[in-house]
Amino acid sequence: MTDRQSPIPAQDYHFSIKEGNPDCFGHPKLFSYVLLERILEELGLNTFFSSYKGFTKLQYDVYSFAKMLIFGRLLNPASRSATMRQNEDYYEPVLGPHNPDNVFDTLDFLFANKEKIIRRINTNLVKKAHRSPQII
């Protein structure tokens, strides 16, 4: 361990579940997306997507669709359309009422903005994790 302090303050997460409660960890709903969502926020992706949504006048929640694609790829890989059908598998659905075809619009958005997304991630990694861009 080095003398350098962690740039991100530690946060405690608490779950309180009583035996017999339907929300017990044996429940088939996925909880792990909560941690992944926090990582996306630390990387600044929530603000990136919300600012671009307003700038481009998108009519759907591009950030929720992107989260759904990311969570699906990491937690339960499937085709894009099958990933959209997994929305109810999460403890709290990631997407509200939506048009499943917007997943393809989201893929177009991600492709068109991939350099900006990568730049945002790297900027936040440099700031928050003291990542050195010289060795990337």
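The values are calculated or read from the model by the stated rules, or taken from the named source; none is laboratory data. All values derive from a computational prediction rather than experimental measurement. Note that each Cβ is placed from the backbone with ideal geometry, even for glycine, and that neighbours are counted across all protein chains shown.
So how many residues does segment 97-133 have that are within 15 Å of the chain's Cα centre (by Cα) and not in a helix (DSSP H, G or I)?
0
Which residue is modelled with the lowest pLDDT, if the candidates are limited to segment 66-85 and must be assigned to a loop (DSSP other than H, G, I, E, B) and polar (S, T, N, Q)?
Across segment 66-85, the extreme among qualifying residues is Asn76.
Name, by its number, the condition in (1) under 10 Å from the mean Cα position of the chain (by Cα); (2) within 20 Å of Glu115 (Cα to Cα); (3) surrounded by 15 or more Cβ atoms within 10 Å (Cβ to Cβ) that does not hold for Glu41.
(3) is the only condition that Glu41 fails.
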